[in-house]
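> Would you mind keeping the following structure in view while I ask a few things?
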Amino acid sequence: VGSEMCIRDSSDANGKAEIDYEKCVSCGQCIAVCPTGALTEKDYTGDVFAAIADPSKHVIVQTAPAVRAGLGEEFGLPIGTDVEGKMAAALRRLGFDKVFDTNFSADLTIMEEAHEFLDRVQNGGVLPMITSCSPGWVKYCEHYFPDMTENLSTCKSPQQMFGAIAKTYVAHRLGVDPDKVFSVSVMPCVAKKYERTVSQVNYKDRGYDVDLVLTTRELDRFIRSDSIKPEDLTDMPFDDIFGEGSGAGVIFGTTGGVMEAALRSAYYLATGENPKADAFKDVRGMKGWKEETFDIKGTKLKVAVASGLANAKALMEAVRRGDVQYDFVEIMACPGGCVGGGGQPFKDGFELARERGEQLYRLDRESSIRFSHENSAVQLTYEEYIGSPMSDKAHHILHTDLKSWDLKMTE
């Protein structure tokens, strides 16, 4: 998976291996594959509990698409079981004031990213445009391909977009003082803990847009620490408005999902009509590096999808050499995408990422909304607050200069 590049031999007498923090990209894959269990993420469940217990804080939580397809394994359920309803119920039992779905901001990300991609294609922008949702990948790109950071989309990740919206528009809609909003995210990704500390992806000058990040494993420990039994939970929905997400948003959690979601909306923006919902399904699958060519009303687009940093390295080197030419590229640091993230339950093999991903595709098929641009919560956000995709306000809140990320790992 590429994790070996972050490990070096220690100079001490015991000759133990240690993490090379100059190279570490915080992906957490070393945790997932450590045979002795010696490695772990920094646990923030106690800090979240303290925030919930503080009456001066209005604590909201967002949960990423892949978490609902991984958490059930900690409950003793079959791999990939969708536990969205039980998860929402558990989060309310834990005391969160509002429980929202990161699918909302995944759809928001697609609105910005699809517009950005079309702008680059139509106006001679830097191509291929490469997705920027995976902070482990972005950090890797800056470490090892600094000459290609202009290819990265300027869009913040769904986590950070939700964080920025949470302490502005969401607070306004809830009638809550933005300074009292405490924003928590539950992610399948250890690198999200690092991402939230990067100054360039935080909208407000004071504090962080996302105050704390829990992994899927931490959420399970948090639930159990409060003596909540999963079998006793009755399914509950996410809270209104910002709990709405499309099928396009939910497939963000698996490799190829961001690409497919973006192309669905890019097609609409370019033609004024929706494609068939599964028109771009050929980018699916667990193959580490795959490529396809699509025709959008006579315009040929060549795209590529890679997951796992070893595959990302090979793809980027091929692009740099000029061996391949693409218009749009999706890269995820973790094998299989977020479903195989370093914060997911400890399991081995691509097969599990595949089964978790298949659950997300099922949710997409069964969704009443399969296009990000049809998410009414996203439409309302633009109408009442942002204005339009790629507007000055959108750039100020939802985009960033990825070329200037602080590479020092702080968490």
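The values are calculated or read from the model by the stated rules, or taken from the named source; none is laboratory data. Just so it is clear, the model here is predicted, and its values are computed rather than measured. Here the Cβ positions follow ideal geometry from the backbone for every residue, glycine too, while neighbour counts run over all protein chains shown. What goes into the accessible areas is simple: the full protein's heavy atoms, side chains included, and nothing from ligands, DNA or RNA. Shrake-Rupley method; radii C 1.70, N 1.55, O 1.52, S 1.80 Å.
> What is the dipole size for region 154-246, taken about its Cα centre, with +1 at each Lys and Arg Cβ and -1 at each Asp and Glu Cβ, in debye to the nearest 20?
440
> What's the ranking of 279-286, 232-239, 352-359 by average number of surrounding C-beta atoms within 10 Å, highest first?
Highest mean packing first, the order is 352-359, 279-286, 232-239.
> Which one of Ser157, Ser185, Ser367 has the biggest mean-square fluctuation once the chain is modelled by GNM with Cα springs under 10 Å?
Ser367
> Right, here's the next one. Can you send over the solvent-accessible area of Cys133, 1.4 Å probe, protein chains only, in Å² to the nearest 10?
Counting only protein heavy atoms, the figure is 10 Å².
> Any chance you could list P(r) for the chain, counting all Cα-Cα pairs in 20 angstrom bins from zero, rounded to whole %?
29, 61, 10, 0
> Using heavy-atom solvent-accessible surface (probe 1.4 Å) with all chains present, what is the largest-first order of Phe222, Phe182, Phe49?
Putting Phe222, Phe182, Phe49 in descending order of accessible area: Phe49, Phe182, Phe222.
> Pairs Lys193/Lys287; Lys156/Lys193; Lys192/Lys229; Lys192/Lys287: which exceed 20 Å Cα-Cα?
Exceeds cut-off: Lys193/Lys287; Lys192/Lys229; Lys192/Lys287.
> Is it possible to state the helix-based mean residue ellipticity at 222 nm for the chain, with each DSSP H run of 4+ residues giving -39500 (n - 2.57), the sum divided by total residues, to the nearest 500 deg cm²/dmol? What is it?
Helix-only estimate at 222 nm: -10500 deg cm²/dmol.
> Something else now. Ignoring ligands, DNA and RNA, what percent of the accessible area of the chain is carbon or sulfur (1.4 Å)?
48
> Could you name the lysines in cross-link range of Lys57, using Cα to Cα under 20 Å and dropping any fewer than eight places away on the same chain?
In chain and number order, the partners are Lys98, Lys167, Lys180, Lys204.
> Hey, could you pull the Cα Rg and Dmax for region 178-285, both in Å?
Cα only, region 178-285: 18.0, 53 Å (Rg, Dmax).
> Still on this structure, please answer the following. From the P(r) of region 258-411, could you give the percentage of C-alpha pairs in the tail past 20 Å?
Tail fraction, whole percent: 62.
> About the Cα centre of the chain, what is the dipole size in debye to 20, counting +1 per Lys and Arg Cβ and -1 per Asp and Glu Cβ, all else neutral?
Result for the chain is approximately 260 debye, rounded to the nearest 20.
> Another one. Debye calculation, C-alpha points only, no solvent: report log10 I(q)/I(0) for region 119-226 at q = 0.20, 0.21 Å⁻¹, in the same order as the q values.
-1.07, -1.11
> Under the definition of Cα pairs under 8 Å and six or more residues apart, what whole-number percent is the relative contact order of the chain?
Computed value for the chain: 26 percent relative contact order.
> While we're on this one: Sort 209-217, 311-319 by the packing proxy (mean of other Cβ within 10 Å over each peptide's residues), most packed first.
209-217, 311-319
> Related question: Might you work out the accessible area of His143 for me, using a 1.4 Å probe with all protein chains in place, and round it to the nearest 10 Å²?
Looks like 50 Å² after rounding.
> Another question, then. Report, ordered by chain and residue number, the aspartates and glutamates lying within cross-link reach of Lys302, taken as a straight Cα distance under 14 Å and ignoring same-chain residues fewer than 8 apart.
Of all the aspartates and glutamates, those that pass the test against Lys302 - Cα under 14 Å, at least 8 places apart if same chain - are Glu260, Asp282, Glu291, Glu292, Asp323, Asp327, Glu330.
> What whole-number value in Å² describes the accessible area per residue of the chain for a 1.4 Å probe?
39
> Name the most mobile residue of Lys139, Lys347, Lys167, meaning the one with the largest mean-square fluctuation, in a Gaussian network model of the chain with Cα contacts below 10 Å.
Lys347
> May I pose another question? Where does each of Trp137, Trp289 land when they are ordered by accessible area, with a 1.4 Å probe and the largest first?
Ranked from most to least accessible, the order is Trp289, Trp137.
> Next up: Taking springs between alpha-carbon atoms closer than 10 angstrom, which of Gly340, Gly245, Gly322 fluctuates most in the Gaussian network model of the chain?
Of Gly340, Gly245, Gly322, the most mobile in the Gaussian network model is Gly322.
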